[in-house]
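Note sheet for the following structure.
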Amino acid sequence: MHRCSSCGAGNLTGATYCGTCGQQLPPIEADTEPSGDAPPSDATRYLCAAVQLNSRLADEVVRDILDEEFKAPPASPDVDLVPVILHAIAARKRHLVRDVLLTFLLISAFWGAYSARYVVVLLALALCWVVVVGETLVATYGVVAHDLRPERFKPDALSSDDPAIRDRLRQVATAARGNVSVYSGYRPFVGCGVPFDAWSFALDIDRAAEGKVAESFTALSIHDFVKQRLGDLRTGEVALADRVFVDGRDIREDRRFLPDRFAVPRPKVDRSMVRSLTVEPEDRARPYLTVQISGWRGQLVVSTFLRFVVTPHELVVEVTHCLLGPVRDEFQEVDSLLPEPTARQAIRIGGRALRRTPGHLLRAPIAIAKHLLGPVTTAHHRARQRREIVRSLRFDYGAARSPRETVSDDRYQRYFQKLDSALYTKVIEKRMLQAVEQFLESKGIDTLELTQRQAMMQNNGVYVAPGATVTAGSIAAGTGARARSVIRRAANVARQSVTDAAGRN
């Protein structure tokens, strides 16, 4: 990663000009070792800004990640959740001060109405608007525009003195570097976005190529071969890893993933265990070779999950693609803010505060009551979970969603994002299929069936005659053809499954 000295943005190694500010980058000496400190992605920065500006999102981050004692933290590709959580904690403290003032003013308004002092009522309501405007200005220009601009953003700027919070943050950071995903609900690839394409096929491995003898092999050998061939991908920011996916309802007595019933699932297991699961697959614990390509500084992440199963007579290749779309425009406001508000921006904030004041005013007493009862509610929630762990054989230790998925847009924001997601997927598929073909040839196995399948996958598309025009958001034609240009439908299905899972929990 080549960091720009002008704006602090990260660029691909070997870049000549900064892709953010256009500044010419100094050349990297051939013998210089990379620092290993990757700059924070835009997605991380946008999430930090989002929890500062959106109280509901801040509450969700704290409730679903920080306050959970027994559940695994969610995966969040190309996003550092630790600063996001710390910004959510800081925002909630500021929101509490706002809600206390609003509640006091609301009581004053009721008193004024009861005593027929209507001037007091009008003054209290006007001050409510002033409080909301003040909190919005502090959040927008005191924090977001000041600390979360690209050149000023420091992920480690905030910290916590609470031992319990620090312990949970360590768990979140460790899970991000781990190799185990404990999921909740139907979707195993929680945190990786919308599953937009999945396919598999079985190949006959008994048929020898002409003049050769078919050799036997294991799933581990072809797995390692394909992983090696995928290691030199140069499309976007590429990360390859072996990862095990296990349902949070199935690990209660499995000491490989849960050291104790009242502990958080292990974020990492020995590499030997992962390789053993690759050779001897299990129904509930499944290893995958994960290929994640990140582009647009974390705004677009394509995750591909590859799995190979070898039976006595067949090789089964399983592929699933997931997409994390760009962060919604409303959460990218940080990039449109000046260091100090202009008259137009101040007027816009005032109008926004006027629209939001009634809602904040009605929710303020409830928010204060929840805060006062927070320790009791949290203790009751954890006690209930402990009872479920003792009594139920299928307590769910998995993560159901991630904040990165919550703020993702359900459609592409730029045409080139649409093209890049297709580019990433096609490059991975082509390189993977070529590696499988080379491996089978090295084992003396006839690859005609694989070649035919490759041709079928490439040809089952749409042909437009010269001069014709096709305009559509999503197109699929031909046997097995897949529409990939719009995220909305798959996103709605995925979010509905997440909502159902959250409701069950």
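The values are calculated or read from the model by the stated rules, or taken from the named source; none is laboratory data. Here the structure is a predicted model, which is why all the values come from computation and not from measurement. Neighbour counts run over all protein chains shown; Cβ positions are idealised from the backbone, glycine included.
Could you please find all residues in the range 101-159 being among the polar types (S, T, N, Q) and outside any helix (DSSP H, G or I)? 115, 159, listed by residue number. Any residue in the range 386-393 that is assigned to a loop (DSSP other than H, G, I, E, B) and under 26 Å from residue 245 (Cβ atoms)? Yes, there is a match, as at least one residue in the range 386-393 is assigned to a loop (DSSP other than H, G, I, E, B) and under 26 Å from residue 245 (Cβ atoms). Filtering the range 160-180 to residues that are in a helix (DSSP H, G or I) and of a type in the set (S, T, N, Q) leaves 171, 174. Among the conditions (1) surrounded by 15 or more Cβ atoms within 10 Å (Cβ to Cβ); (2) assigned by TED's automatic domain parsing to the domain that holds residue 97; (3) in contact (Cβ under 8 Å) with a residue 60 or more places away in the chain; (4) of a type outside the set (Gly, Ala, Ser), the only one that residue 120 does not satisfy is (3).
Kindly indicate whether residue 346 is within 20 Å of residue 92 (Cα to Cα) and either in a helix (DSSP H, G or I) or out of contact with any Pro (no Cβ under 9 Å at 6 or more places or on another chain) (or both). No, not satisfied. Filter the range 306-332 down to the residues that are closer than 21 Å to residue 406 by Cα and in contact with a helix residue (DSSP H, G or I) (Cβ under 7 Å, 6 or more places away or on another chain) and list them by number. If the condition is that a residue be closer than 21 Å to residue 406 by Cα and in contact with a helix residue (DSSP H, G or I) (Cβ under 7 Å, 6 or more places away or on another chain), then 321, 323, 324, 326, 327, 331, 332 are the ones that fit.
Residue by residue, here is whether (1) over 23 Å from residue 302 (Cβ atoms); (2) among the basic types (Lys, Arg) holds:
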site	(1), (2)
352	yes, yes
361	yes, no
385	yes, no
393	yes, no
399	no, no
406	no, no
414	no, yes
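Of the residues making up the range 227-238, at least one is surrounded by 18 or more Cβ atoms within 10 Å (Cβ to Cβ), closer than 17 Å to residue 439 by Cα and assigned by TED's automatic domain parsing to the domain that holds residue 309. Every condition in (1) crowded, with 16+ Cβ neighbours inside 10 Å; (2) out of contact with any Ser or Thr (no Cβ under 8 Å at 6 or more places or on another chain); (3) of a type outside the set (Ser, Thr, Tyr) is met by residue 130 except one, and the failing one is (1). Go through the residues of the range 200-210 one by one and say whether even a single one is of a type outside the set (Phe, Trp, Tyr), modelled with pLDDT of 90 or more and farther than 22 Å from residue 451 by Cβ. There is no residue in the range 200-210 that is of a type outside the set (Phe, Trp, Tyr), modelled with pLDDT of 90 or more and farther than 22 Å from residue 451 by Cβ.
When we screen 251, 222, 293 for residues that are under 25 Å from residue 168 (Cα atoms) and among the aliphatic types (A, V, I, L, M), the only hit is 251.
For the range 344-359, the condition of being buried (at least 21 other Cβ atoms within 10 Å of the Cβ) and of a type in the set (A, V, I, L, M) holds for none of the residues.
Conditions tested, residue by residue: (1) modelled with pLDDT under 90; (2) aliphatic (A, V, I, L, M); (3) surrounded by fewer than 22 Cβ atoms within 10 Å (Cβ to Cβ).
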position: 88; (1), (2), (3): no, yes, no
position: 111; (1), (2), (3): no, no, yes
position: 125; (1), (2), (3): no, yes, yes
position: 194; (1), (2), (3): yes, yes, no
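Suppose the filter is surrounded by 14 or more Cβ atoms within 10 Å (Cβ to Cβ) and not hydrophobic (A, V, I, L, M, F, W, C); does residue 163 pass it? Criteria not met by residue 163. Among the residues making up the range 185-232, those that are in a loop (DSSP other than H, G, I, E, B) and aromatic (Phe, Trp, Tyr) are 186, 189, 217. Among the residues of the range 214-235, those that are at pLDDT 90 or above and aliphatic (A, V, I, L, M) comprise 219, 220, 222, 226, 230.
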